[in-house]
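Encoded as structure tokens, the structure appears first; notes follow it.
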Amino acid sequence: MPLALLALAVVAFGIGTTEFVTMGLLPQIADGLGVSVPHAGNLVSAYALGVVIGAPLLTGMGARIPHKRLLLILSTVFVVGNAASALAPNYALLFAARVFAGLPHGALFGVGAVVASRLVASDRAARAVSTMFLGLTVANIVGVPAGTALGQQLGWRYAFAAVAVIGLLALAALSLLIPHQPRGAHSGVMHELRAMKNRQVVLGLVTAVVGFGGYFACYSYLVPMLTHLTGLSDASTTLVLALFGVGMTLGTLVAGPLTDRALRPTLYGGFALLATALVALHFAIEHLVPALVVITIVGGLSALITTPVQMLLMAKAHEAPTMAAASNHSAFNLANAGGAWLGGLVIAAGWGWSSPTLVGAALALAGLALALAGGYLDRDGRGSKVVTGSAPGHGPGAEADRRPAAACAQEPDC
């Protein structure tokens, strides 16, 4: 694996930290700005709104910009958004800053995934993408707890300032380590949008929204589940969330090789096992040790699904994978909102604190059904290619000439 993947992992680490650290600092933000905690909670939605809007918008605007330069531009937006969050004097400006900070999220992951796949041979493309995603999972183990502790001790502004510093480090790493990757002759926003019309791309995005909604239905209410049913203190839940992050990291490490070997079976198995684990958590949540084991497994399975969904979308978008890869992260945030909403509904209906796990299992099974439907539509066995080499025609010794030009996801057997 090339060292350039480390730069992409640093970007993912910063994104993961800023996305989730706000949740742990809501009381401090509320006190500092003179608003209620639920009102401060809207800042989480503000960031998600930025992701949903920014992924297709910024990817489209940068459709003709070489990938390395686009990564540097998007990372600069990320730094500015988090610096503005640290300096915002009131709630309204902080809300706007969080929307702005979320804008480059999806585009960074989408462009980063395409760049990562082009840094390696075709049979290691999924492993390269999952290596980038490791930065996101490590953020849940290190970045979010450290940022939360920093914000609690010194003030919430320091947490966002620290993320801005991480963004500057990522900028330096991208500038030094990422090679130039020219765009193809037919690149452009219309080229990317035409690829988005593919029914398999649309079905893949719907699969992500529904299937990942199952994970978020559980994760959104994991802390109250642990305090009300398992009997853990508020301080101990931070360690459990870090354990969840450990599971995600292990799942990401496994996801790359499995996806390179068998994309669709990895996706099917991930959804099926996630549904099973969520049902198991429903019955284990009142018992500390079994609950901790199952929580770790749920974290691992949620990460196991991420890479095959990303690679499937890139495959189905053929030679214009960037918009599809970026839109996947808009789908994740829609899944976050929808899963949390459905989980809250069943709790409010009096079904109990563990009921979101069953909602999550149902959504995971629905995601499995959609994934199987996609596999059925591909029953003719024709392959779909993810372009992983540089644009052709750049002379002897060009990157495209030194490694296979495409990674192939052969359905239904891949």
Discussion item. Need pairs with beta-carbon distance below 7 Å; first residue closer than 22 Å to Pro224 by Cβ and within the range 283-309, second open to solvent by 10 Å² or more (accessible area, probe 1.4 Å) and hydroxyl-bearing (Ser, Thr, Tyr); sequence gap 6+ or separate chains.
Written reply: Ile285/Thr230; Ile285/Ser354; Glu286/Thr230; Leu288/Thr230; Ala291/Thr230; Ser302/Tyr215
Item to complete: Please state which one of Ala146, Ala173 is open to solvent by 50 Å² or more (accessible area, probe 1.4 Å), at pLDDT below 95 and more than 17 Å from Val80 (Cα to Cα).
Response: Ala146
Worksheet, complete the sentence: All-but-one check, His180 against (1) in a helix (DSSP H, G or I); (2) open to solvent by 30 Å² or more (accessible area, probe 1.4 Å); (3) of a type outside the set (S, T, N, Q), failing number (1)
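How many residues does the range 321-374 hold that are outside any helix (DSSP H, G or I) and either open to solvent by 60 Å² or more (accessible area, probe 1.4 Å) or without any contact (Cβ under 8 Å) to a residue 24 or more places away in the chain (or both)?
Looking only at that region, the number is 5.
From the list Leu258, Leu253, Leu273, which residue is within 23 Å of Val129 (Cα to Cα), touching a Leu at 6+ places or on another chain (Cβ under 6 Å) and open to solvent by 40 Å² or more (accessible area, probe 1.4 Å)?
Answer to the check: Leu273.
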Worksheet item: Looking at this structure, is Thr227 within 19 Å of Gly24 (Cα to Cα), over 23 Å from the mean Cα position of the chain (by Cα), among the hydroxyl-bearing types (Ser, Thr, Tyr) and part of a helix (DSSP H, G or I)?
Response: yes
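This table checks each residue for (1) of a type in the set (S, T, N, Q); (2) in a helix (DSSP H, G or I); (3) open to solvent by less than 40 Å² (accessible area, probe 1.4 Å).
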{"residue": "Leu6", "(1), (2), (3)": "no, yes, no"}
{"residue": "Gly50", "(1), (2), (3)": "no, yes, yes"}
{"residue": "Arg64", "(1), (2), (3)": "no, no, no"}
{"residue": "Ile73", "(1), (2), (3)": "no, yes, no"}
{"residue": "Phe78", "(1), (2), (3)": "no, yes, yes"}
{"residue": "Asn82", "(1), (2), (3)": "yes, yes, yes"}
{"residue": "Pro89", "(1), (2), (3)": "no, no, no"}
{"residue": "Val114", "(1), (2), (3)": "no, yes, yes"}
Discussion item. Quick check on Arg183: is it among the basic types (Lys, Arg) and at pLDDT below 85?
Written reply: yes
Fill in: Selection within the range 203-236 - within 19 Å of His287 (Cα to Cα) and surrounded by fewer than 18 Cβ atoms within 10 Å (Cβ to Cβ)
Val223, Pro224, Thr227, His228, Leu229, Gly231, Ser233, Asp234, Ala235, Ser236
Worksheet item: Among the listed residues Leu26, Leu8, which satisfies the condition of being closer than 25 Å to Asn140 by Cα, free of Cβ contacts under 8 Å to residues at least 24 places away in the same chain and in contact with a Gly (Cβ under 7 Å, 6 or more places away or on another chain)?
Response: Leu26
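Condition (residue is closer than 23 Å to Ala146 by Cβ and either modelled with pLDDT of 85 or more or assigned to a helix (DSSP H, G or I) (or both)) applied to the range 253-273: is it met by at least one residue? So that I can check it myself, show each step before the final result.
Of the residues in the range 253-273, the ones closer than 23 Å to Ala146 by Cβ are 253.
Within this subset, residues satisfying the condition of being either modelled with pLDDT of 85 or more or assigned to a helix (DSSP H, G or I) (or both) are 253.
Yes: the range 253-273 contains one or more residues that are closer than 23 Å to Ala146 by Cβ and either modelled with pLDDT of 85 or more or assigned to a helix (DSSP H, G or I) (or both).
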Practice prompt. Name the residue, out of Met323, Met314, that is touching an Asp or Glu at 6+ places or on another chain (Cβ under 6 Å), aliphatic (A, V, I, L, M) and farther than 17 Å from Thr137 by Cβ.
Written response: Met323
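The values are calculated or read from the model by the stated rules, or taken from the named source; none is laboratory data. Just so it is clear, the model here is predicted, and its values are computed rather than measured. Virtual Cβ from ideal backbone geometry, glycine too; neighbours counted across all protein chains shown. Just the protein is used for accessible areas: all its heavy atoms, side chains included, with ligands, DNA and RNA removed. Shrake-Rupley method; radii C 1.70, N 1.55, O 1.52, S 1.80 Å.
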